[in-house]
Amino acid sequence: MAIQINNLSPSAENGLYPIRTVAAATGVNPITLRAWERRYSLINPQRTPKGHRLYTQDDIDRINQVTALLNKGMSISQVKPLLDQPVSPTMQSGDEVSANAWDQYLDIMLSAIATFDEHRLDSAYNDALSLYPIDVMSTHLITPLLKALGENWEQRTSTGIAEEHFFSVYLRNKLGARIQHMNQRSKGPFLLLACLPGEQHETGMLLFTLAALNYGYRALILGANLPLQQIPPVLEKHPCEAVVLSGFSSTSKNLFESDLKMLLKNVSTPVFVGGAFSHEHQSAIEATDAIYAGRDIHAGLEKIAEVLANINQANQ
């Protein structure tokens, strides 16, 4: 996790933690935690006299179990029976569980996009986001949806490109508004986030940013197609704990030969490279002394947490 629970202070005696502390420790936002309690009875936190939720370490462990199952592709409605089994649910195979819930969301959203029905699209998106952490939703819904739209516009001659643009604008607006709201409330360490030179698509970077905010980080976002020589002076003006660069298909010819190497020479901050592009060029990335973050959001955040924890330990 990006922020470990043992680094945070309980709000009361006996190791009870408030909902925002738990959200930062698990990466599951408070809205989703409340939905898991009310709609599916997955957790049962204690209450203060004023009605505020307080969670035990057992609750936190259960939340992490739920997240692990969701990361395997299970729907939220399939999780509780597995949690109630005597065998650890983390041993279950995601391949044994149908993806009907994700397929239903996908069908509804594709249908809404095809008719440019923003109200219906928004209803399905908000429902999914209320039940699933953003990294899980990105893997099992947003990425397949973007892939389907990309295939559709290549096969159609009428509105395929318009549909893809419609959803891209919608998603950018949704993510941007949520990122701005969460960024103002967070007090965690800063990550500088940007797309690699030549990368014009921001969706992957924005999804990662939102997940990072759920894990308690703050974000300094520099957007698409960023010249890497701009980063060192930015860090002088606004120090960050790490630099996270992402890309789907960077077109910079000098990325490995000069750009990344020059960046690493001019900053002491760890530099991570993630996204689909990183998966294809892991060896070249690591040869520059940048840190490979991969294309999985959850795994990338775990890697960042591990590296930053090691740095903090070395500096103590």
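FYI, it's all coordinate maths here, none of it is from the lab. Keep in mind it's a predicted model, so treat the numbers as computed, not measured. Cβ: placed from backbone, ideal geometry, glycine included. Neighbour counts: every protein chain shown.
What to note about this one:
- Annotation: average projected area of the chain is 18.4 square nanometres, based on the convex hull of Cα atoms across all directions.
- Computed [θ] at 222 nm, helices only, for the chain once each DSSP H run of length n ≥ 4 contributes -39500 (n - 2.57): -16000 deg cm²/dmol
- Residues whose amide H falls under 5 Å from that of Ala242, counting only those 5 or more places apart or on a different chain, are Leu192, with hydrogens built in the peptide plane.
- For the range 130-136, 3J(HN,Hα) per residue [Karplus equation, 6.51 cos²θ - 1.76 cosθ + 1.60, θ = phi - 60°, Hz, x = Gly/Pro]: 6, 10, 10, x, 5, 5, 5
- Extreme residue, positive dipole direction of the range 146-295, given options His201, Ile231, Leu220 (C-beta unit charges): Leu220
- Each residue of the range 196-203 is assigned a 3J(HN,Hα), and the resulting list reads 4, x, x, 8, 9, 9, 9, 4 Hz, derived from the Karplus form 6.51 cos²θ - 1.76 cosθ + 1.60 (θ = phi - 60°), x at Gly and Pro.
- Unit Cα scatterers, Debye sum, the range 159-316: log10 I(q)/I(0) for q = 0.09, 0.11, 0.15, 0.17 Å⁻¹: -0.28, -0.42, -0.78, -1.00
- 3J(HN,Hα) couplings calculated from phi for the range 257-271 with the Karplus curve 6.51 cos²θ - 1.76 cosθ + 1.60 (θ = phi - 60°) are, in sequence order, 5, 9, 4, 5, 4, 5, 4, 4, 6, 10, 9, 9, 6, x, 10 Hz; Gly and Pro show x.
- Furthest towards positive pole of dipole, Asn14, Val307, Ser252, structure part the chain, Cβ charges: Asn14
- Distant-in-sequence amide H partners of Ile221 (H built 1.01 Å from N, under 5 Å): Leu193
- The tail of the calculated P(r) for the range 97-240, taken as Cα-Cα distances beyond 26 Å, holds 31 percent of the pairs.
- Here the chain carries DSSP beta bridges of which approximately 25% are antiparallel, counting only pairs with both residues inside.
- Long-range HN-HN contacts of Gly274 with modeled amide H, under 5 Å: Leu245, Ser246, Gly247, Ala293
- Environment charge of Gly198, counting only residues whose C-beta is closer than 15 Å and scoring Lys/Arg +1, Asp/Glu -1: -4
- Relative contact order of the chain: 15 percent, from C-alpha pairs under 8 Å at least 6 residues apart in sequence.
- Among Tyr170, Ser158, Ala148 the positive-end extreme of the charge dipole of the range 100-177 (Cβ point charges): Tyr170
- Summarised in one figure, the compactness ratio Rg/Rh of the range 100-177, Cα atoms and Kirkwood Rh, is 0.94.
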